[in-house]
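Participant: Before I ask anything, here is the structure I am working with.
Derivation of every value follows stated rules applied to the coordinates shown; laboratory data play no part. Keep in mind the model is a prediction, meaning the values are calculated, not measured. Quick reminder, even Gly has a Cβ in these numbers, built from the backbone with ideal geometry, and neighbours come from all protein chains shown.
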Amino acid sequence: MASISVCVASYNGEFFIRRQLQSILEQIGVDDEIIVSDDGSTDNTLQVINSFGDPRIRIVVNEYRQGPVGNYENALKHTSGDYVFLADQDDIWLPDKVLILSSLLKSYDLVLSDCEVVDNFGTVLHASFFNFRRSRQGFLRNLYRNSYMGCCMAFRREVLLYVLPFPNYIHMHDWWIGLLVEVKGNAFFYRKPLIQYVRHGSNASPTGDDGYGFTKRFINRFFLLSSVVKRLLK
């Protein structure tokens, strides 16, 4: 049976991370793991995590590159599972996420599920992120308008062989992973929500990159495409 590694990037998430970890722990086995990479939290995040007293949770301090990209890279470097799941500290996994995606990963290198977009009170803002985002596969489509949201993503361990290390000039790790799998592997979009994606006003990044202006979006895509080309030519 394939083993599971869940990567959580934490930073000052004391108000959210307990419910997320609980929703994950209920779905993974005794030999699976949750790698929490902490980016220097100054609140009670680490105390909340340690209060679980669960040996499946391992905290690793991010001493490499601050911010979500470096924090997730640090977590990924500490994984040992056959299947790797990414998780944000402030979301909630719905039942059977691990079961469904693990089954699909027998046939695909990467699986992306849909999600419900909710506010911090659980009110549904968008019943389907895929519909809201008009998500679909394709390299050029996702270079222009990214569908690969990390909190909905799981992939085989082999993907790490070509996505790590992350380039210095990408601003979204999940976008990078998705584009490389579009070229080098095979992905599948599972059109049923498997998490509640919580938007509470202080998330680490905007949904996709819609919060950036035109110039910033152009620069992001330029460096992302350049990095993909360089990685493929290695």
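Participant: Would you mind ranking Ser226, Ser102 so that the residue whose beta carbon has the fewest other beta carbons within 10 Å leads the list?
Facilitator: The order, fewest Cβ neighbours first, is Ser226, Ser102.
Participant: May I pose another question? Pairs Lys106/Lys192; Lys77/Lys192; Lys97/Lys192: which exceed 21 Å Cα-Cα?
Facilitator: Those over the limit are Lys77/Lys192.
Participant: Moving to a separate point now. Rounded to the nearest 500, what is the 222 nm mean residue ellipticity of the chain from helices alone, with -39500 (n - 2.57) per DSSP H run of 4+ residues and division by all residues? Each step should come with its number before you reach the end.
Facilitator: Working: 9 runs with 80 residues, N = 234.
Calculated from helices alone, the mean residue ellipticity at 222 nm is -9500 deg cm²/dmol.
Participant: While we're here: State, to one decimal in nm, how far the label point of Val30 lies from the label point of Asn44, with both points 7 Å from Cα in the Cβ direction.
Facilitator: Result for the modelled spin labels: 3.2 nm.
Participant: Among (1) 44, 38, 36; (2) 50, 37, 29; (3) 70, 57, 27, which one is Cα extents along the principal axes in Å computed from these coordinates?
Facilitator: Derived directly from the coordinates: (1).
Participant: Within a 10 angstrom radius of the beta carbon, how do Tyr72, Tyr162 rank from fewest other beta carbons to most? Please list the in-between numbers first.
Facilitator: Working: Tyr72 27, Tyr162 15.
Fewest-to-most Cβ neighbours within 10 Å comes out as Tyr162, Tyr72.
Participant: In whole angstrom, how far apart do the alpha carbon centroids of segment 111-145 and segment 215-231 sit?
Facilitator: Value for the Cα centre distance between the two parts: 22 Å.
Participant: State, to one decimal in nm, how far the label point of Leu125 lies from the label point of Asp109, with both points 7 Å from Cα in the Cβ direction.
Facilitator: Placing both labels 7 Å beyond Cα along the Cβ direction yields 3.2 nm.
Participant: Which percentage, to the nearest 5, of the DSSP beta bridges contained in segment 55-201 is antiparallel?
Facilitator: Bridges in segment 55-201 that DSSP calls antiparallel: roughly 55 percent.
Participant: Let me ask you something else. How big is the equivalent ellipsoid of segment 1-128 along its three axes, where each semi-axis is √(5λ) from the Cα gyration tensor, reported in whole Å from largest to smallest?
Facilitator: 22, 19, 14
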